[in-house]
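Report on the structure given below.
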Amino acid sequence: MKLSRNYIKLYLNLTAKKILAYLKQRIEYKTFLIFASLFVGVFSGIAASLLKNLVHYIQHESHSLFNNFGIKYLNSIIPLIGIFLSILIVKIFFDGKIIKGLGNVIYSIVRKKSDLPASKILSHLLTSGVTVGMGGSAGLEAPIVIIGASIGSNVAKELKLNYKTRTLLLACGSAAGISAIFNSPIAGVIFAFEVLLPEVTVYSFIPLLIASASSAVLSKMLYSGQLFYLVTEGWHLYAIPYYIILGVICGFVSLYMIKTSHYLEHLMDNYTKTIKKALFGGIVLCSLIVILPPLFGEGYSTVISLLAGKQQELLNNSVFQIFKNKEITLLVFVALIIITKVFATSLTIGSGGNGGIIAPSLFTGALTGFFIATSVNYLGISELNTANFIVVGMAGILSGVIHAPLTGIFLIAEVTGGYSLIVPLMIVAALSFFISKHFHKDSIYTTTLAEKGIQFRSKKESFFINDLKTEDLIENDFIALKPNMTLRMLAEKLTNTRRNLFPILDDNGVLIGIITLDDIREVMLDKEVYDVLLVGDIMSQYFDSVDIKTELFEVMEHFEEKNIWNLPVTNCGKYVGFLSKSNIFQKYSTHWANQEKEEI
């Protein structure tokens, strides 16, 4: 098995390398980039199709197996089996190591030069396939985005492309993954910009379009079918206040999902033993599914039932069927699902399964929209189109959870064919995003990174920081002084430097103080103290410094936080030089200008 896998991997790598190397040598760089993005898009589309077919195969086989054994009503334990299978796959084939979540892709962009290991392709394909295929309450989107990103990153690495191009091809793979999984090429491109590449440039726009479109075409060929079908007559002005209410509620539900997911992630991390964690998370998950059956799987079948007007199907196989007042029971039931879906998803992933948050966000959004519209209709306040609110609610929660309103708008418009609802989609997505962002500045993907002090800056800044190290920017032409030097000695040094500050070092080269021209401006006019006043008497002992190994991200954050222009640098406590904020800005401009010239 291992030999066969390695052979396939080697064969694919060699084939890809030969094709793209041939193109790289014989065509213009920009044209080559189009071919490279097409290549990444095609392979990402193949991966997405494989994953979707694998999930449906596992779903069919697992249910058939349980039904054949006469345990039809114990299907709720299937997710626990899926979690253990996922753990077993990682343990046997991937040395027990797998890093999940899109936050890891963002981390690789900002801290690892967009370098993703090729093993992520197969590991996420298999683990997410068995997790979601066997009813894990998560989505396939994050795994397929990671798979696509890994394809793009490894294609770039094989061709020895620079960090900037590697990041672009990584984003192409991610866009292609979203495009293929939803058959939504526009949303794929927008997702790449909003989540992975914070700046839009023509340079990156065309390759992303090519990758996303090619992936959508291939996915359509290999796996036909529309995710949702929406029949709508459009929206009405009288419904606008209710869309505004929906947007506000979606914002707070999104906020709840982000914070709850983050809390549960920490909670599950407390379990150091894999089996114990899997048992705890899996048993709680299965218990929730017994009480609330729609928590089983991605939840798309539930959304389809709601759009078809079959809302009473939600109560099937649940204890809530015994209640007579079906309308109130259904509303309570839906509210409980909205509250607990994030628990089910976090337990699925945290206990050892693999999946993403996009499908649960869409599911929760659909139920939120359904709850608002059904409540208003039940109370007789107004007559709202429930299907419209279901669709718009999906965009609202997705926008608030991943902090990507345009992705929410265009993804839902594409997968439902609901472009006639573009205005309500804009209202709800914008309000949800604003509220979620206002109370929690980080998305569900970047919350953990922000907790570790890792900020996802602009694309240009990321390229610059990843290409340079702190030690590359150190200036060491400052004149060092001793604390026992007199003011006269200091005055003599002033004529030999253009600097306006001086480091004060002890006999071991340790920085013990700093003097600036502002510190000595007044005493310099009093020549009577020239031979009396010592440098140690007037130096400032209160200063900020950074170690030479400090990453440039942290240095720039330090400049911003302290509002200073110069930072001394030390190595094992000893003075090395200074970092200048203005010098970093200058090098940043020069560095980016050179990058632009290389592309032309």
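The values are calculated or read from the model by the stated rules, or taken from the named source; none is laboratory data. Here the structure is a predicted model, which means the values were calculated and not measured. Cβ atoms come from the backbone with ideal geometry, glycine included; neighbour counts cover every protein chain shown.
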Test each condition in (1) buried (at least 24 other Cβ atoms within 10 Å of the Cβ); (2) out of contact with any Asp or Glu (no Cβ under 7 Å at 6 or more places or on another chain) for S346 and report the one that comes out false. (2)
Select from region 92-107 the residues that are free of Cβ contacts under 8 Å to residues at least 24 places away in the same chain and either in contact with a strand residue (DSSP E or B) (Cβ under 8 Å, 6 or more places away or on another chain) or part of a helix (DSSP H, G or I) (or both) and list them in ascending order. I92
Please tell me if I121 is β-branched (V, I, T), at pLDDT below 80 and under 23 Å from the mean Cα position of the chain (by Cα). no
Out of everything in region 306-341 that is in contact with a Pro (Cβ under 7 Å, 6 or more places away or on another chain) and of a type in the set (A, V, I, L, M, F, W, C), what residue ends up being surrounded by the fewest Cβ atoms within 10 Å (Cβ to Cβ)? L314
Evaluation of L288 against (1) out of contact with any Phe, Trp or Tyr (no Cβ under 6 Å at 6 or more places or on another chain); (2) in a helix (DSSP H, G or I); (3) modelled with pLDDT under 90 (one fails), failing number: (3)
Taking first residues from region 44-61 that are in the same structural domain as A149 (by TED's automatic domain parsing) and second residues anywhere that are surrounded by fewer than 17 Cβ atoms within 10 Å (Cβ to Cβ) and among the hydrophobic types (A, V, I, L, M, F, W, C), the pairs with Cβ under 6 Å that are 6 or more apart or on different chains are S49/L222
For the structure I just gave you, tell me whether D518 is under 43 Å from the mean Cα position of the chain (by Cα), on the phi < 0 side of the Ramachandran plot and not aromatic (F, W, Y). no
From the list S382, S436, S399, exactly one residue is outside the structural domain of N183 (by TED's automatic domain parsing), under 23 Å from L307 (Cβ atoms), assigned to a helix (DSSP H, G or I) and in contact (Cβ under 8 Å) with a residue 24 or more places away in the chain. Which is it? S399
The conditions are (1) touching a strand residue (DSSP E or B) at 6+ places or on another chain (Cβ under 9 Å); (2) over 29 Å from T302 (Cβ atoms), and L116 fails exactly one of them. Which is it? (1)
Checking the condition buried (at least 22 other Cβ atoms within 10 Å of the Cβ), at pLDDT 90 or above and not hydrophobic (A, V, I, L, M, F, W, C), which residue from S128, S108 passes? S128
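Under the condition of being β-branched (V, I, T) and either out of contact with any His (no Cβ under 8 Å at 6 or more places or on another chain) or outside the structural domain of A480 (by TED's automatic domain parsing) (or both), which residue from region 526-549 is farthest from I512 (Cα to Cα)?
Kept after step one, since they are β-branched (V, I, T), are these residues of region 526-549: 529, 532, 535, 538, 546, 548.
If we keep only those that are either out of contact with any His (no Cβ under 8 Å at 6 or more places or on another chain) or outside the structural domain of A480 (by TED's automatic domain parsing) (or both) too, we end up with 529, 532, 535, 538, 548.
Values: V529: 23, V532: 21, V535: 11, I538: 12, I548: 17 Å.
Across region 526-549, the extreme among qualifying residues is V529.
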Does region 165-181 include one or more residues that are surrounded by fewer than 24 Cβ atoms within 10 Å (Cβ to Cβ) and either of a type in the set (A, V, I, L, M, F, W, C) or touching a Cys at 6+ places or on another chain (Cβ under 7 Å) (or both)? no
Subset of region 531-584, residues among the basic types (K, R) and surrounded by fewer than 17 Cβ atoms within 10 Å (Cβ to Cβ), comes to K549, K562, K574
How many residues does region 292-338 hold that are outside any helix (DSSP H, G or I), of a type in the set (A, V, I, L, M) and under 13 Å from F370 (Cβ atoms)? 1
